[in-house]
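Since the structure comes first, as structure tokens, the remarks are kept for the end.
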Amino acid sequence: MTGVSRTGKSALVAGAFDDRIAMTAPVASSGGGTPAYRFSGAGRGGKEGLTEMVQKYPNWFSPHLHQFWGQQDKLPFDEHWFIALVAPRPFISLEGTHDQNVNINGVYQSFVAAKPVFAFLHAEGRLGISFADRPHGMVQGDWDAMLAFADKFLLNKSVDRSFDQFPPELLK
């Protein structure tokens, strides 16, 4: 299951709640997608945080989310729960190094927070991340990473690349 931007958010939720989906790969899902709300938005790393998302796109989210406007720390869960719910099935987040909408630290925090669930289910390597040199959207590098990840975990093929590298200069 994959999708870009708004449909990347949908792919994340579908992968979390429908175990018929063999692999989940949101692309450029931004605010309300893979980045943790607690590490996104004004004063929290910038980009699309909870307040910005419910203000810009009030119809995209449950009205219940609106009650946490400016109060991300009071959320009963954060975006990493959706990622963790995919486990032990393969999950890869496809991000852009120049994506104007994504908070890389927010993605990193979600990735780190979901890791223990994948480890508990003996699926550590099935949690992946890949960065393509692009702004918001999808390019060939995203397809290459997604298909290599699928080859590795769905077809048991040997793949000569890792899926756990965050660009250090982007983790600020």
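Where a number appears in this text, it was derived from the coordinates with a stated rule and is not lab data. Note that this is a predicted model, so its numbers are computed, not measured. Every residue, glycine among them, receives a Cβ derived from its backbone with ideal geometry; neighbour counts consider all protein chains shown.
Taking R0 as 22 Å, what's the FRET efficiency between Arg161 and His136 from their Cβ-Cβ distance, rounded to 0.05?
On the way: r = 23 Å, r/R0 = 1.06.
Approximately 0.40, to the nearest 0.05.
Taking the Cα atoms of the stretch 33-76, the ratio Rg/Rh between the radius of gyration and the Kirkwood radius comes to 0.91.
For the stretch 91-172, the C-alpha radius of gyration divided by 2.2 N^0.38 Å, with N the number of residues, is 1.10. To the nearest 10 degrees, how steep is helix 140-154 against the longest Cα principal axis of the chain, on a 0 to 90 scale? Long axis of 140-154 versus the principal axis of the chain: about 60 degrees.
The long axis of helix 104-120 is offset from the longest Cα principal axis of the chain by roughly 60 degrees. Using only the C-alpha atoms of the chain, find the volume of their convex hull and express it per residue in Å³. Looking at the chain, the number lands at 106 Å³ per residue. For a straight C-alpha distance cut-off of 19 angstrom, no lysines are reachable from Lys157 once same-chain residues fewer than eight places away are disregarded. Taking a virtual spin label 7 Å from the Cα of Asp73 along the C-beta vector, which residues in the stretch 14-40 bring their backbone nitrogen under 13 Å of it? Residues 38-39 qualify, since their backbone N sits under 13 Å from the label point. Each part gets one Cα centre, and for the stretch 102-140 versus the stretch 1-36 those centres are 11 Å apart.
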